[in-house]
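Input: a single structure, listed below in structure tokens.
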Amino acid sequence: MDSISTNPPFDKAFKTLMEKTHREDEGFEENELVEIEECEVPVIDLSPLLKESNNSNDEEVREKCKSEIARACREWGFFHVVKHGISSEVLNGLRIEQEKVFKIPFDEKKKNKNSNFNFFSGSYRWGSPTATSIRQFSWSEAFHMPLAHITGSTTTGPNNTLTYRIEQFSCNAYNLAQTLAGILAEKIGQQKKSKFFRENCLPTTSYLRMNRYPPFAMASPSQVHGLIPHTDSCFLTILLHDQVRGLQLVKDGKWIAVKPTPHALTINIGDLFQAWSNDVYKSVEHRVVTNREMERFSIAYFFCPFDETVIESCSSEHQHSVYRRFSYREYRQKVQDDVHKFGTKIGLPNFLLHPS
Ligand SMILES: C=C1C[C@]23C[C@@]1(O)CC[C@H]2[C@@]12CC[C@H](O)[C@@](C)(C(=O)O1)[C@H]2[C@@H]3C(=O)O
Ligand SMILES: O=C(O)CCC(=O)C(=O)O
Ligand SMILES: [Fe+2]
């Protein structure tokens, strides 16, 4: 009974799309979503970056760590970080509150009328309202919220509220994102632009998305995604996900499954960094597959600039800009328009200077 009232009515939307898919015969290839090879994405220990010391040995280790980060972003667009400086108290505290908020009855989540809803009221979504085929359908619910109203004052108030935990996590994730962005800029010779991220990305310009993937028992898990293939519309994403498998990414043209790593956060490059770095760092397509028995949770922190920020590729004499200049507002608007028109986003290819 409980699950009926807290789960969104996925089955209704899903059945309609399934019937339509059968009529039009455009489902997935047999086994397209299962039997995917599991891989080890790079795991990077960030402790050398957290240590303050001028010792030349430490300096060498720090440089090595920075180079590993840049290489992972060029070759994979994804990596895990361990010893990242965000305490398990912060991460577990948020995960507990996340589970609680998804347990609120569906009608209340949908109307955003529960007293738990604070600055994230209006952020709830489920399934894929714009999907016109099963390929565009995501079997998940999410709170996708701008962090425009966080205060950054995490020292006051009871620590068992979702608002407190979101603020606490977001402040930590912001500092980590700034560190990583600074390193990535430096590694493509953009030290001069090192202030870019400090000036254009503030704690209040980022977004947070809490995802829940309910178990999927309606049909074979090979028939529907938990979250459809996409790239993230940000500079970089810091992802907290549990040990339930499901995340997959594209590497060398093939889907591969990401093996969860205990105590790690997963970092991925978003579209804005790919454009800013002129295609040096890769915003890689990823997706979540469904699980028959277990529900899965994740939290994505999207490191974003002001709407007015202009993204311009760091080109050089030898390497012309791949993309035209665009503002973040323009980019987000285009994503939204495409999702409405086509059920999915197009993303960076819309901004190529020389579309092939
Ligand atoms: C239907 C969609 C909404 C989404 C773009 C997409 O085509 C596929 C995934 C969604 C996602 C997930 C990451 C980011 O939250 C987001 C902004 C993005 O770029 O891809 C969202 C898009 C959205 O919610 O508008
Ligand atoms: O749940 C996951 O592991 C990935 C979530 C994701 O890709 C997103 O929210 O953009
Ligand atoms: Fe994503």
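The values are calculated or read from the model by the stated rules, or taken from the named source; none is laboratory data. From a predicted model like this one, the values you see are computed outputs, not experimental measurements. Virtual Cβ from ideal backbone geometry, glycine too; neighbours counted across all protein chains shown. Please note that ligands, DNA and RNA were not included when accessible areas were found on the heavy atoms of the full protein model with its side chains. Shrake-Rupley method; radii C 1.70, N 1.55, O 1.52, S 1.80 Å.
Of all residues in the range 225-276, those satisfying the criterion of being in contact with a Gly (Cβ under 7 Å, 6 or more places away or on another chain) and of a type outside the set (Ser, Thr, Tyr) are 226, 232, 234, 235, 236, 246, 268, 269, 271. Check whether at least one residue in the range 202-213 is closer than 21 Å to residue 100 by Cα and over 14 Å from the mean Cα position of the chain (by Cα), and report yes or no. The answer is yes; a qualifying residue exists.
Look at (1) in contact with a strand residue (DSSP E or B) (Cβ under 6 Å, 6 or more places away or on another chain); (2) within 16 Å of ligand 1 (Cβ to nearest atom) and you find that residue 242 fails only one, number (2). Checking each residue in the range 52-70 for being open to solvent by 100 Å² or more (accessible area, probe 1.4 Å) and either under 29 Å from the mean Cα position of the chain (by Cα) or closer than 19 Å to residue 267 by Cβ (or both) picks out only 64. Being open to solvent by less than 70 Å² (accessible area, probe 1.4 Å) and at negative phi is the requirement here; does residue 306 meet it? No, not satisfied. Taking the range 279-291, which residues are open to solvent by 10 Å² or more (accessible area, probe 1.4 Å) and farther than 16 Å from residue 248 by Cβ? Listed by number, the residues that qualify are 279, 280.
At pLDDT below 95 and either open to solvent by less than 50 Å² (accessible area, probe 1.4 Å) or touching a strand residue (DSSP E or B) at 6+ places or on another chain (Cβ under 6 Å) (or both), is that true of residue 28? Taking the combined requirement at face value, the residue satisfies it. Only one entry in 149, 84, 80 is more than 16 Å from ligand 2 (Cβ to nearest atom), buried (at least 18 other Cβ atoms within 10 Å of the Cβ) and not in a helix (DSSP H, G or I), namely 84. Applying the set (1) farther than 22 Å from residue 40 by Cα; (2) at pLDDT 95 or above; (3) more than 16 Å from ligand 3 (Cβ to nearest atom); (4) of a type outside the set (Phe, Trp, Tyr) to residue 209 leaves exactly one unmet item: (3). With respect to (1) at negative phi; (2) within 13 Å of ligand 2 (Cβ to nearest atom); (3) of a type outside the set (Val, Ile, Thr), the lone exception for residue 246 is condition (1). Scanning the range 87-132 for residues that are over 27 Å from residue 336 (Cα atoms) and of a type in the set (Val, Ile, Thr), we see that the one that is most open to solvent (accessible area, probe 1.4 Å) is 96. Checking each residue in the range 318-335 for being within 16 Å of ligand 3 (Cβ to nearest atom) and open to solvent by 40 Å² or more (accessible area, probe 1.4 Å) picks out only 332. Checking each residue in the range 261-318 for being charged (D, E, K, R), within 30 Å of residue 217 (Cα to Cα) and within 15 Å of ligand 2 (Cβ to nearest atom) picks out 285, 287, 295, 296. Scanning the range 283-337 for residues that are in contact with a Pro (Cβ under 8 Å, 6 or more places away or on another chain), closer than 17 Å to residue 209 by Cα and within 14 Å of ligand 1 (Cβ to nearest atom) yields 286, 287. Every listed requirement among (1) among the polar types (S, T, N, Q); (2) touching a Phe, Trp or Tyr at 6+ places or on another chain (Cβ under 6 Å); (3) part of a loop (DSSP other than H, G, I, E, B) is met by residue 283 save one, (2).
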